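Let me begin by presenting the structure, written as structure tokens, before commenting on it.
The values are calculated or read from the model by the stated rules, or taken from the named source; none is laboratory data. These numbers were taken from a predicted model, which means no experiment stands behind them. Methodologically, a virtual Cβ is constructed for each residue, glycine included, from the backbone with ideal geometry; neighbour enumeration extends over all protein chains shown. Note: accessible area is taken over every heavy atom of the protein model, side chains too, but ligands, DNA and RNA are not part of it. Shrake-Rupley method; radii C 1.70, N 1.55, O 1.52, S 1.80 Å.
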Amino acid sequence: MDKFQKPTTLFLYVCLLWFPFAFAGHDYGQALSKSILFFEAQRSGYLPSTQRVKWRANSGLQDGKTSGVDLVGGYYDAGDNVKFGLPMAFTITMMSWSIVEYGQQMAQSGELGHAMEAVKWGTDYLIKAHPEPNVLYGEVGDGNTDHYCWQRPEDMTTDRHAYRIDPNNPGSDLAGETAAAMAAASIVFRRHNPAYSNQLLSHAKQLFYFADKYRGKYDSSIRVAQKYYQSYSGYADELLWAAGWMYQATNEQYYLNYLGNNGDALGGTGWAMTEFGWDVKYVGAQVLAAKFLMQGKAGTHTPVFGKYQQKAEYFMCSCIGKGSRNVQRTPGGLLFRQRWNNLQFVTSSSFLLSVYSDYLTSAGKSLNCAGGTASPAELLNFAKSQVDYILGDNPRATSYMVGYGSNYPQQVHHRASSIVSIKVNPSFVSCRGGYATWFSRKASDPNLLTGAIVGGPDAYDNFADERDNYEQTEPATYNNAPLLGLLARLHAGHNGYNQLLPVALPVSKPVVSQPTPAPRPKVTPVPKRRSTPAPGIFRTF
């Protein structure tokens, strides 16, 4: 035997052993766990005994007090300390939809309890924010004063005024999205906590009625939201989206008729979309209507629901590059909509591709696009490619999920993570002092914002990991919410389940969270840039 043969054989043997692991792909189960953990870092209010993100503490303990209502709790939307109602409700809707579709898969990952707890943290707050049938509080704090300061939530000295909508100051988009969130969450808790589920459904019905009867854009009533979460698309999409969730939660013909009778008038059958997110919900409503059609529930509304389905499929074709007007992609293959927090559109679009792929598989159908036929597997594989890009398969080999992989953002645009924990150093951080001491630091964040999906790269796959680069380094709850279901789906693989069958979530005990009060509030009294360009929509008939 040649003296080099044995070592060479050994080397080849080791390579063959190593090869599958080198190309085994991502640990979607780990990514799922981290993506849920992010929501614990965003919590406002009294933190529970089960809190796993230990560097956070109680905050916002006087929220709502000056308005005579308890608005303690809920989520901070992104890297700031404001509680914005529209994106918070959308976040809850998408987390709930993730569980409705893929709760079985989350249970297999051992994460269903944590996911349900994340939803409940939001819905507990939404219940508080809806103290009367036609009153809904839609914001606590305001972006202008908040963004003037760089403080951890535990030290807030900014104005915590509460803003509301009512019959004289309507907000159909806000009330409609909150109704959708309550309805979707009621499905999540139906088996495990039926009393809570019924409570959510009662609120959802009142809010849907409120949204439909007293019509108007919420940002005309809550004007301080205009610079941050302006409702460019109006409220028609939220009315249809909410009706879809109300029907899925109640099975009541009234809501199916609402979708059927108002599809044309409210634009659900007319708008061909290439985006889906906290502002523009048309595609979400179209996908739900298509699901009802494939389930054989459309009845006399079948022709209208067929038009909804055509628009849903227009969106799918546009995403995978087989449409008549395709979504732009970066050279590295990432869907690209805008330079500001682009990944919000990537995660929400990918989730829709995933669920629609499963609907088509369940119905034994494929997709007919302008650019040719597309199989359900093609939709799912494209959604997977987007998730893989986010997790590190990109030209920069950067993971855009904080704490996942070995190369991820270190200077996240996030007040709480960028300032030393109050548990480590309880010294008060002043409004402007936070900018001088912490915001301007050219060093890694002292607290790891595990699981956060940041804004992401630009149109050319470039990314600058700098704290003041808020367009790329700021995370948001609605970036993560759709990813919960998608990661659970990818982690579980295909097990032959049928997405068109009635939802039957496993009874998984959510984490029991008892608040542990330790009051240390402070109340009193840059602008951020939260506007998105006018949505990419056009009318087709």
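So here's what we get for this one:
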| read-out | value |
| --- | --- |
| Those residues of segment 215-227 which are more than 21 Å from the chain's Cα centre (by Cα) and outside any loop (DSSP other than H, G, I, E, B), in sequence order | 220, 221, 223, 224 |
| Filtered residue count, segment 319-339, keeping only those that are within 24 Å of residue 454 (Cα to Cα) and either open to solvent by 20 Å² or more (accessible area, probe 1.4 Å) or touching a helix residue (DSSP H, G or I) at 6+ places or on another chain (Cβ under 8 Å) (or both) | 14 |
| Residue list for segment 444-491, filter: small (Gly, Ala, Ser), at negative phi and either open to solvent by less than 10 Å² (accessible area, probe 1.4 Å) or at pLDDT below 95 (or both) | 452, 455, 476, 481, 485, 488 |
| Unmet requirement for residue 416, which otherwise passes all of (1) open to solvent by less than 60 Å² (accessible area, probe 1.4 Å); (2) of a type outside the set (Phe, Trp, Tyr); (3) in a loop (DSSP other than H, G, I, E, B); (4) in contact with a Ser or Thr (Cβ under 9 Å, 6 or more places away or on another chain) | (3) |
| Residue 242 touching a helix residue (DSSP H, G or I) at 6+ places or on another chain (Cβ under 8 Å), among the hydrophobic types (A, V, I, L, M, F, W, C), under 24 Å from residue 82 (Cα atoms) and crowded, with 24+ Cβ neighbours inside 10 Å | no |
| Which numbered condition residue 316 fails, given (1) at positive phi; (2) buried (at least 24 other Cβ atoms within 10 Å of the Cβ) | (1) |
| Matching residues, segment 50-83, being on the phi > 0 side of the Ramachandran plot and under 21 Å from the mean Cα position of the chain (by Cα) | 73, 74 |
| Test for residue 308: is it open to solvent by less than 10 Å² (accessible area, probe 1.4 Å), out of contact with any Pro (no Cβ under 9 Å at 6 or more places or on another chain), assigned to a helix (DSSP H, G or I) and aromatic (Phe, Trp, Tyr) | yes |
| Complete set of residues in segment 159-214 that are out of contact with any strand residue (DSSP E or B) (no Cβ under 9 Å at 6 or more places or on another chain), surrounded by 24 or more Cβ atoms within 10 Å (Cβ to Cβ) and not in a helix (DSSP H, G or I) | 189 |
| Residue that is nearest to residue 481 (Cα to Cα) [pool: residues in segment 55-71 that are surrounded by 23 or more Cβ atoms within 10 Å (Cβ to Cβ) and not polar (S, T, N, Q)] | 56 |
| Which numbered condition residue 92 fails, given (1) assigned to a loop (DSSP other than H, G, I, E, B); (2) β-branched (Val, Ile, Thr); (3) open to solvent by less than 10 Å² (accessible area, probe 1.4 Å) | (1) |
| Pair list, Cβ < 9 Å and 6+ apart or interchain, from segment 431-442 residues that are within 17 Å of residue 153 (Cβ to Cβ) to residues that are surrounded by fewer than 14 Cβ atoms within 10 Å (Cβ to Cβ) and not polar (S, T, N, Q) | 431/525; 439/468 |
| Close pairs from segment 47-67: first farther than 26 Å from residue 162 by Cβ, partner of a type outside the set (Ser, Thr, Tyr) and in a helix (DSSP H, G or I), Cβ under 7 Å, at least 6 apart | 52/37; 52/40 |
| Residue tally, condition of a type outside the set (Ser, Thr, Tyr), touching a Ser or Thr at 6+ places or on another chain (Cβ under 9 Å) and at pLDDT 95 or above, over segment 174-212 | 23 |
| For residue 271: the one exception among (1) within 24 Å of the chain's Cα centre (by Cα); (2) more than 27 Å from residue 335 (Cβ to Cβ); (3) open to solvent by 40 Å² or more (accessible area, probe 1.4 Å) | (2) |
| Unique match (being out of contact with any helix residue (DSSP H, G or I) (no Cβ under 7 Å at 6 or more places or on another chain), within 20 Å of residue 493 (Cβ to Cβ) and not aromatic (Phe, Trp, Tyr)) among 394, 381, 368, 342 | 381 |
| The lone exception for residue 352 - which of (1) in a helix (DSSP H, G or I); (2) surrounded by fewer than 23 Cβ atoms within 10 Å (Cβ to Cβ) it fails | (2) |
| Unique match (being modelled with pLDDT of 95 or more and in contact with a strand residue (DSSP E or B) (Cβ under 9 Å, 6 or more places away or on another chain)) among 252, 275 | 275 |
| Failed item, numbered, when residue 386 is tested on (1) more than 18 Å from residue 451 (Cβ to Cβ); (2) within 25 Å of the chain's Cα centre (by Cα); (3) not in a loop (DSSP other than H, G, I, E, B); (4) not aliphatic (A, V, I, L, M) | (1) |
| Residue list for segment 321-337, filter: among the hydrophobic types (A, V, I, L, M, F, W, C) and closer than 11 Å to residue 274 by Cα | 327, 335, 336 |
